[in-house]
1. Over segment 95-170, how many percent of alpha carbon pairs lie in each 10 Å bin up to the one with the longest distance?
2. What's the ranking of 216-225, 201-210 by average number of surrounding C-beta atoms within 10 Å, highest first?
3. Is it possible to state the helix-based mean residue ellipticity at 222 nm for the chain, with each DSSP H run of 4+ residues giving -39500 (n - 2.57), the sum divided by total residues, to the nearest 500 deg cm²/dmol? What is it?
4. Using 0.36 nm per residue of separation minus the Cα-Cα distance, give me the extension gain between Glu177 and Lys137 in nm, one decimal.
5. Which cross-chain or sequence-distant (5 or more) residues have an amide H under 5 Å from the amide H of Asn192, H modelled 1.01 Å from N in plane?
6. Considering the dipole of the chain built from charges on the beta carbon (Lys and Arg +1, Asp and Glu -1) around the Cα centre, which of Ser214, Ala44, Phe148 is farthest to its positive end?
7. Between their Cα atoms, which of Lys137/Lys226; Lys77/Lys113; Lys35/Lys113; Lys35/Lys226; Lys35/Lys151; Lys151/Lys226 are more than 29 Å away from each other?
8. List, in order, the whole-Hz ³J(HN,Hα) value for each residue of segment 158-166 obtained from phi through the Karplus relation with A = 6.51, B = -1.76, C = 1.60 and θ = phi - 60°; use x for Gly and Pro.
Amino acid sequence: MKIAVVQFPGSNCDQDCLRALTDGVHFQAEYVWHKQTSLYGFDAVVLPGGFSYGDYLRCGAIARFSPITRTVVRSAKEGMPVIGICNGFQILCEAGLLPGALIRNQSLRFVCKSVWLRVETGETPFTAQLKGQRILKMPIAHGEGAYFADKASLDALESQSQIVFRYTDEWGNATPEANPNGSMHNIAGVCNEARNVVGMMPHPDRAWDRQLGSEDGKLVFGSLAKALEPVISR
């Protein structure tokens, strides 16, 4: 199993993702530079957090036009598992792989702290081991992390179980007080209709070792092993 960690100019969580994948869940993982156009030999893709292209225009807007992003879009439409974390989530929305957008935090301030989130579906490659509305603890670090979508899109996400993670308190209650950025419906992560593309604002790459305050991120990355097992064994 080989995972691609995409590097954009301005990415600052690429090393976190690589360490989480290699040291945390013992996958083979390699960096893929934004100018590359091939994902040959890889089984899944991680778009890390950071400030791709300095967040000029808006978060993820320029990264959407990178050569590698076009390849990620094509691979995702062919069924490859893709996860975008923080800025990676923003890029996936800009690229049209996920619905909605990430806008300025309701507080208009950068928020960096640990949050609780509830797993809403186990039917993605990144939550295959997390069925049953598990409560996870992970850090967030963003200034534009409030999830926004129109009513029709939100209704579709709810009815089709495309909301993957929701901000809650430590007991799993999705209250306004547990919402760190003003996301609609307390949304912390969503997936596409095919369920192979996931975007999330919390950082599993910063929650894979007890010394980091949580090991719950290993459950997200580790789910890939179960999801890809039928593919790898062919």
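1. Going out from 0 Å in 10 Å bins, segment 95-170 shows 17, 43, 38, 3 percent.
2. On the way: 216-225: 22.5, 201-210: 24.5.
Going by the mean number of other Cβ atoms within 10 Å, highest first, we get 201-210, 216-225.
3. Working: 5 runs with 50 residues, N = 234.
Here the helix-only value at 222 nm equals -6500 deg cm²/dmol.
4. On the way: separation 40, 0.36 × 40 = 14.40 nm, distance 1.59 nm.
Contour length minus the Cα-Cα distance gives 12.8 nm.
5. HN-HN under 5 Å from Asn192: Val197.
6. Farthest along the dipole direction, towards plus: Ala44.
7. Values: Lys137/Lys226 22 Å; Lys77/Lys113 34 Å; Lys35/Lys113 33 Å; Lys35/Lys226 31 Å; Lys35/Lys151 36 Å; Lys151/Lys226 34 Å.
Where the Cα-Cα span goes over 29 Å, the pairs concerned are Lys77/Lys113; Lys35/Lys113; Lys35/Lys226; Lys35/Lys151; Lys151/Lys226.
8. For segment 158-166, the Karplus curve yields 5, 6, 9, 6, 9, 7, 8, 9, 9 Hz.
Values quoted throughout were computed directly from the atomic coordinates according to the rules given, and no laboratory measurement underlies them. Remember, it's a predicted structure, so these values are computed and weren't measured experimentally. Neighbour counts are summed over all protein chains in view; Cβ atoms, including those assigned to glycine, are modelled from backbone coordinates with ideal geometry.
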